[in-house]
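Quick notes on the structure that follows.
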Amino acid sequence: MIILSLTVGYFAVMSYIGYSVRKHANSSDGFTGGGRSFPPFLIGALLLSEFIGSSVSIGTAQKGFEAGISAAWNLVALSLGFLLLALVLAKKYRETGLNTISGILAQNYGQGVRYAASILTICALSIVSVALYASGGAVLAAVLGIDKTFAILLVGVVTVFYVSLGGMRSVVYTNFIHALIKYIGIVLALGFALSASGGISALQANLPSKMFDVTGVGWGQIFAWMIGGIGSIFATQYVIQALVSTKDEKTSKRACFYVSSLMIPFGLMAALIGVCSAFFYPGIKSIDAFPTLIAHMPTFSASLVVIGLAGALFGGISANTMASATLAMKDFYDPFFNKEKIDRKSVIFIKVAIVVIGFLPLVLALYADKILLIAFLGKALRATLAVIVLMCFYAPRFGTPRGALAGVILSVISTIAWFLAGNPYGIDSSYFALFSPLLTMCIAQLLKGAEPQLQPSLNKSAD
C-alpha cells in the first residue's frame, strides 16, 4: 500500500505538471515542439529517460540473468550512438530547419520515401512501446501483487492521459524528473543486491565464470546491438525533435554528451542486477529478474525503484507516442485532410492520434516475453533510415529515390521476417536492416540514368 500510494502520488504530480504547461499546447507547433529552446540538461534527460526506459532496464537485467555482465553492451552501443550523433549529425539536422526525419529524407529522395520513412518510424516506435508496456506491467504486477494484464492497461491509460494534456513541453519537463528518479532507483537496487549477496567476490564464487565474461553474449550479438543502437539514435523522430528544440548547435551537442556519459554506468548496473538475481532466485523466469529483486527490497527504497521504472516507462512511451503523432499529422493528416492548414484541426487530430497510437501496442504487450529482443527489433528497423540519412547528408548524389524507397521496403520485410523466424543461424535481424538499403542504393547507383533525379536540397525550409 505504501509503494502504491507513493507511486500514485508521484504521477499525480506529473499529471499536474503536464496540465500546468498546457498553454504551450494550444497550437500544433507548440504541442509538438514545446515552445522551443530547452537547455541541454533538460534535452539530455528527455533522451536519457527514453533510452533507459523500463524495456532496457528490465531487458538488460533479464539478459544479465541469462548471460551475465556482457548484457551491458546494449547500453554501450547506445552511448556510442549518442557520441557519434553529436559529432556527425547534430549540426546537419539543425541546418535543415526541419523536425521530422521523413521531411528531411523527402528533400533528397522524394515523397515516396517520405511516406515510407514515416510509416516505418511509427511502426518501429510502436514495437518499442510494446516492450515498454510489457516491462512496466511486469514490474507493477510483481511489486504491487496485481494482475499483469491490468497493470499493462493501467500504464497505457495514465501515459496517454498526461501526454495529451501538455504535449512536448510536458514530456520534456516530466522526463527530467523521471530520469533522475530512475538513476537513483537503480543505484539503490544494485546497492541492495550487492549487499545482500556479499559483493562481487561472493557472486564470482557461486556463479559460472561465463557470467563475468565481458563478451559472453558473443561478438555477433554485440555488433547487432551496435547496429540497432546507433542506427536507432541516428534516425529516431523524437531525437530530431529534441535536437531542433535547443537554441543552438552547441547546446544540442552538449545534451548528447550528457546522455552518452550516463549510458554505460547504467548498463553495467542493470546487468549486475540480473547477475545478482541469478544468484538469489535461480528458478524464476528471466523476465522477472529485476521485478523479483524489487519485491524483496525494503519498502521505501523499493518505492523509489518502482517510481523510477514506471517514470521511465511513461517517459519512453510518451516520447514514442508524441513522435509518432507528429509524423502522422505532418505527413498524412495535414497534406491530405487539412490542406487549408487550419491549426485548430491539427491540434484536435494530434490529440486523437496520441490516444490511438498510445493504446494500439497494448494488445501485443499482453503477450510479449523477450523484452530486450523486442525493443531492439524496433531499434534495428530504424537503422535502415540511419543509413539513408547518412547518404542524404554526406553522399546526396549516390543512389536514387527509387533505390532509397526499395531499401526501406526490403528492410522492413526482411528484418521482421528474420526476427519472426527466430534469427536463424545466429544471425541477428539487425544486419538485414543495415545491409538492405546499402544493397538497393548500390544497385540503383549502377543502374543510374534509368530514372529522373531530384535536385538535392537540404537548405532550411518549412516542413
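The numbers here are math on the coordinates, done by the rules we state, and not lab data. Nothing here was measured: the structure is a model prediction, and the numbers come from that model. Reconstructed Cβ throughout: ideal geometry from the backbone, glycine too, with neighbour counts over all protein chains shown.
Things worth noting here:
- Subtracting the Cα-Cα distance of residue 442 and residue 12 from 0.36 nm times their residue separation leaves 149.5 nm of extension gain.
- Unit charges at the beta carbon, dipole of region 2-381: most positive-side option, 256, 102, 82: 102
- Length gained when the stretch residue 337-residue 281 is fully extended (0.36 nm per residue, less Cα-Cα span): 14.6 nm
- Cross-link reach list, lysines versus residue 330, counting only Cα pairs under 28 Å and skipping chain neighbours closer than eight places: 23, 91, 92, 247, 250, 253, 339, 341, 345, 351, 379, 460
- Highest-first arrangement of 147-155, 287-295, 241-249, where packing means the average Cβ count within 10 Å: 287-295, 241-249, 147-155
- Two-site label geometry, residue 95 and residue 363: point separation in nm, points 7 Å out along Cα→Cβ: 4.4
- Charged-residue dipole, Cβ positions (Lys, Arg, Asp, Glu), the chain about Cα centre, Debye nearest 20: 960
- Taking other Cβ atoms within 10 Å as a rough exposure proxy, 225, 418 sort from fewest to most as 418, 225.
- Across region 72-82, computed HN-Hα scalar couplings (Karplus, 6.51 cos²θ - 1.76 cosθ + 1.60, θ = phi - 60°) run 5, 4, 5, 7, 4, 4, 5, 4, 5, x, 5 Hz from first to last residue, x flagging Gly and Pro.
- Ranking 326, 281, 413 by how far each Cα lies toward the positive end of the dipole of the chain (charges on Cβ) leaves 326 at the top.
- Proximal charge balance of residue 73 [Cβ under 13 Å; K/R count +1, D/E count -1]: -1
- Each residue of region 239-248 was assigned a 3J(HN,Hα) from its phi angle through the Karplus expression (A = 6.51, B = -1.76, C = 1.60, θ = phi - 60°), giving 5, 5, 4, 5, 5, 5, 7, 7, 7, 7 Hz with x at Gly and Pro.
- Distance between the modelled labels on residue 356 and residue 299, one decimal in nanometres: 4.5 nm (7 Å Cα→Cβ projection).
- For region 2-381: relative contact order, % (alpha-carbon pairs under 8 angstrom, 6 or more apart): 41
- Exposure proxy order (Cβ contacts within 10 Å, fewest to most) of 251, 60, 100: 251, 100, 60
- Where labels lie 7 Å past Cα in the beta-carbon direction, separation of residue 214 and residue 257 in nm: 2.5
- Among 43, 348, 181, the order by Cβ neighbours within 10 angstrom, fewest to most, reads 348, 181, 43.
- Among 61, 229, 367 - extreme Cα towards positive end, dipole of the chain, charges at beta-carbon: 229
- Taking the Cα centre of region 113-263 as reference, the dipole from Cβ charges on Lys and Arg (+1) and Asp and Glu (-1) amounts to some 320 debye.
- Evaluated over the chain, the Cα radius of gyration and Dmax, each in Å: 21.3, 70
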